[in-house]
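Notes to accompany the following structure.
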Amino acid sequence: MLVLQFVPQADLAVREMRRVTRPGGTVAAATWDTRGGFVALRMFYDAAAMLDQNGCRARAAAYTRPMSRPGDLASAWRDAGLADVVEDTLTIRMEFASFADFWAPSEGKEGPVAEYVGTLGADAKARLRDVVRLAYLDGEADGARSYAATAWVVKGRGRVQRIWVSGQKDFFGCVMVVGVREMAGHLMPGCGERAYCTQQSQADRPRRTIGFLTGYFARPT
Ligand SMILES: C[S@@+](CC[C@H](N)C(=O)[O-])C[C@H]1O[C@@H](n2cnc3c(N)ncnc32)[C@H](O)[C@@H]1O
């Protein structure tokens, strides 16, 4: 949740999310719509950009992150091979008790806003704080404010390929899959080698077959 924008190779992260999800399972994520849907952030960055070239660069970086623009998440989900991809938005309200409450995270340790403020000297920081405060107050007394914040949300399903296999179950319960070693390993994670070897040893010393195994099995593509 709200992390992919900060991950350097987000496309790899999405593929890994898909890989570790069971076949047919849902992969979902949310990222802030920083440019178009995050009022509190806009108040901060527009003030910073007006006062300082580095503030202008910080704003540009914040509003052009991967996975933050319309359609970005859906494209990444499709590129990762996910099916039935749906992108939408969710809006929450961010509630602040006072300007001090609003400003406090800017002087914290985490996130791009705090990082940028950390680069400012005392005077520049005070100037920025004063301008953001004017935007917060809007000519009224200090007090509670409520700002909308919208996130892009996306979901998609891992694809499923159904494969037909036929095999035999031996006396020891080991399945001799008629097929390649990789297929045997896929059907019985960790047992691919064993199933394959059993198939090999069958020629030298046949084992007693006690049952057949046939059917469709789902596997991720
Ligand atoms: C906006 S916060 C979201 C926190 C929490 N997931 C939530 O939904 O409330 C962004 C989070 O991304 C984490 N983060 C930043 N860069 C990251 C990276 N490269 N890999 C993993 N997490 C990262 C930060 O530590 C921070 O906790």
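No lab work stands behind these numbers, since they all come straight from the coordinates. No experiment lies behind these values; they were computed from the predicted model shown. Quick reminder, even Gly has a Cβ in these numbers, built from the backbone with ideal geometry, and neighbours come from all protein chains shown.
Annotation for ASP88 and MET1: the two label points, set 7 Å from Cα along the Cα-Cβ direction, are 1.7 nm apart. Segment 1-62 and segment 87-126 have their alpha-carbon centroids 15 Å apart. Here the simple spin-label model places points 7 Å from the Cα toward Cβ, and for ALA122 and THR150 these points are separated by 4.2 nm. Annotation for segment 44-151: GluC sites (Glu not before Pro) lying in DSSP loop with at most 11 further Cβ atoms inside 10 Å of their Cβ are GLU110, GLU140.
Given axes a ≥ b ≥ c from the Cα gyration tensor, I'd like to know whether segment 116-162 is rounded (a/c under 1.5), prolate (a/b larger than b/c) or oblate. It is oblate, given that a/c is not under 1.5 and a/b is not larger than b/c. What the Cβ-Cβ distance of SER98 and SER75 gives, at R0 = 30 Å and to the nearest 0.05, is a FRET efficiency of 0.15. Please give the residues of segment 88-120, grouped as numeric ranges, whose backbone N is less than 18 Å from a label point set 7 Å along the Cα-to-Cβ vector of ALA141. 96-101, by backbone N distance to the label point.
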